[in-house]
Amino acid sequence: MAGYEVQVLVEMTGLDELIIVECVQREVIHARTAESGQLQLEESDIARLRRIHRLMTDFDIDLDAVELILELQDEIARLRGRTAESSGT
């Protein structure tokens, strides 16, 4: 887990600083705040932030809609995993 300043995440993901903070508050990404103020993130969280940016810009939707889409995508991934486990693949 690496530490990032919010401004660095803005540059990496294209998201506005307020959106990144809101993603952390809503737990759309799994971040911890270090004593230094940096956000501790996994690479999967950074990829998720990039996906959030793409959804918001490509479809001109707000974070509420993006959050719903991500929840549905996560549920589909879980169901596919269960299906693969039960079929033995």
Filter pass, THR57 being without any contact (Cβ under 8 Å) to a residue 24 or more places away in the chain and among the polar types (S, T, N, Q):
no
Given (1) touching a Leu at 6+ places or on another chain (Cβ under 7 Å); (2) modelled with pLDDT of 95 or more, index of the condition ALA47 fails
(1)
Considering residues of the stretch 60-86 that are touching a helix residue (DSSP H, G or I) at 6+ places or on another chain (Cβ under 8 Å) and in contact (Cβ under 8 Å) with a residue 40 or more places away in the chain only, the residue nearest to LEU9 (Cα to Cα):
LEU63
Of everything in the stretch 63-77 that's among the charged types (D, E, K, R) and surrounded by 10 or more Cβ atoms within 10 Å (Cβ to Cβ), which residue is farthest from ALA47 (Cα to Cα)?
GLU75
What is the one condition in (1) within 25 Å of LEU72 (Cα to Cα); (2) outside any helix (DSSP H, G or I) that GLY37 does not satisfy?
(1)
Of all the residues that make up the stretch 48-62, how many are part of a loop (DSSP other than H, G, I, E, B) and exposed (fewer than 13 other Cβ atoms within 10 Å of the Cβ)?
2
Out of the stretch 23-47, which residues are touching a residue at least 24 places away in the same chain (Cβ under 8 Å), within 13 Å of LEU63 (Cβ to Cβ) and surrounded by 15 or more Cβ atoms within 10 Å (Cβ to Cβ)?
CYS23, VAL28
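The values are calculated or read from the model by the stated rules, or taken from the named source; none is laboratory data. Everything numeric here is computed off the predicted structure, so don't read it as measured data. Reconstructed Cβ throughout: ideal geometry from the backbone, glycine too, with neighbour counts over all protein chains shown.
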